[in-house]
Amino acid sequence: MNAVLKPAEAQFEAMTPSWLPAVARVEQSAYEHPWTQTNFSDSIHAGYRAQLLTAGSPPDAALIGYFIAMKGAGEVHLLNITVAPAHQGQGWAPLMLDGLAVWARSQDAQWLWLEVRVGNTRAKAVYERYGFRHVGTRRNYYPAGPAGLGGATKREDALVMSLPL
Ligand SMILES: CC(C)(COP(=O)(O)OP(=O)(O)OC[C@H]1O[C@@H](n2cnc3c(N)ncnc32)[C@H](O)[C@@H]1OP(=O)(O)O)[C@@H](O)C(=O)NCCC(=O)NCCS
């Protein structure tokens, strides 16, 4: 477990290509079915909102977490939000949701949308506490079960959640 950081020690910054290996390492440590480094670089090139939460300055900057969001007509869709395992349980996800919501409003969005695995009770609780409500279900949306050779054959439903801004 890393030293506990305070919000005043953290900053938002853009997810630039030089951060991608560190982002991919955190992603692999946080998910059974992680995004690839290419998924992140494609998101940057697509112009998605790709933000990091970091502490300290290079070369010793710590990566606390990150989010990727896509702007649509009057809404913003959260595609990925992750807190590095060593920094989980310290309130960083709500802080990143604040950063996302402030930016979304500046883009004239009226809604935030996201999908979450039905089995991801921790993330679901974070979103509900933030004000998101369950508005639908996408059947068999995610790969599930052991990842690896041959790929996953099982699937898991996604809850669709939204928050009015
Ligand atoms: C879900 C996630 C984004 C929440 O971020 P976070 O900064 O840890 O959120 P919080 O600090 O608000 O903690 C949320 C709750 O989870 C609990 N928690 C967080 N990390 C924990 C851990 N490693 N072990 C046990 N409980 C933990 C906290 O105690 C808290 O519960 P409480 O409010 O009842 O005390 C983060 O756990 C994460 O990145 N998980 C892996 C990736 C993921 O699932 N992303 C979301 C995909 S939709």
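The values are calculated or read from the model by the stated rules, or taken from the named source; none is laboratory data. For clarity, every value in this text was computed on a predicted model and none was experimentally measured. Virtual Cβ from ideal backbone geometry, glycine too; neighbours counted across all protein chains shown. Ligands, DNA and RNA are excluded from the accessible area calculation, which covers all protein heavy atoms including side chains. Shrake-Rupley method; radii C 1.70, N 1.55, O 1.52, S 1.80 Å.
Remarks
- Taken about its Cα centre, the chain carries a charge dipole of roughly 440 debye when the Cβ of each Lys and Arg holds +1 and the Cβ of each Asp and Glu holds -1.
- Shape annotation for the stretch 10-68: C-alpha extents along the principal axes are 28, 26, 16 Å, from largest to smallest.
- The stretch 5-32 and the stretch 87-114 have Cα centres separated by 16 Å.
- Helix-only mean residue ellipticity at 222 nm for the chain, each DSSP H run of n ≥ 4 adding -39500 (n - 2.57), per residue, nearest 500: -8500 deg cm²/dmol
- In the stretch 58-104, Cα pairs under 8 Å separated by at least six residues give a relative contact order of 33 percent.
- Largest GNM mean-square fluctuation across P85, P58, P143, computed for the chain with C-alpha springs under 10 Å, falls on P58.
- Across the stretch 21-34, computed HN-Hα scalar couplings (Karplus, 6.51 cos²θ - 1.76 cosθ + 1.60, θ = phi - 60°) run x, 5, 4, 5, 5, 5, 4, 5, 7, 9, 10, 6, 10, x Hz from first to last residue, x flagging Gly and Pro.
- For the stretch 18-165, the relative contact order works out to 18 percent when only alpha carbon pairs closer than 8 Å and six or more residues apart are counted.
- E128 accessible area, 1.4 Å probe, all protein chains in place, Å² to nearest 10: 80 Å²
- Most positive-pole-ward Cα, G91, L114, A8, against dipole of the chain from beta carbon charges: L114
- Converting phi to 3J(HN,Hα) with the Karplus coefficients 6.51, -1.76 and 1.60 and the offset θ = phi - 60°, the stretch 101-118 yields 5, 4, 5, 4, 5, 5, 9, 6, 6, 9, 9, 10, 10, 7, 10, 9, 4, 4 Hz in sequence order, with x at every glycine or proline.
- Candidates W92, W35, W113: whichever shows maximal mean-square fluctuation once the chain is modelled as a Gaussian network with Cα springs under 10 Å: W35
- Taking only the alpha carbons of the chain, we obtain Rg and Dmax values of 15.7, 45 Å in that order.
- Rounded percent of accessible protein surface that carbon and sulfur make up, the chain, 1.4 Å probe: 53 percent
- Label-point separation in nm, H45 to Q28, each point 7 Å along Cα→Cβ: 2.1 nm
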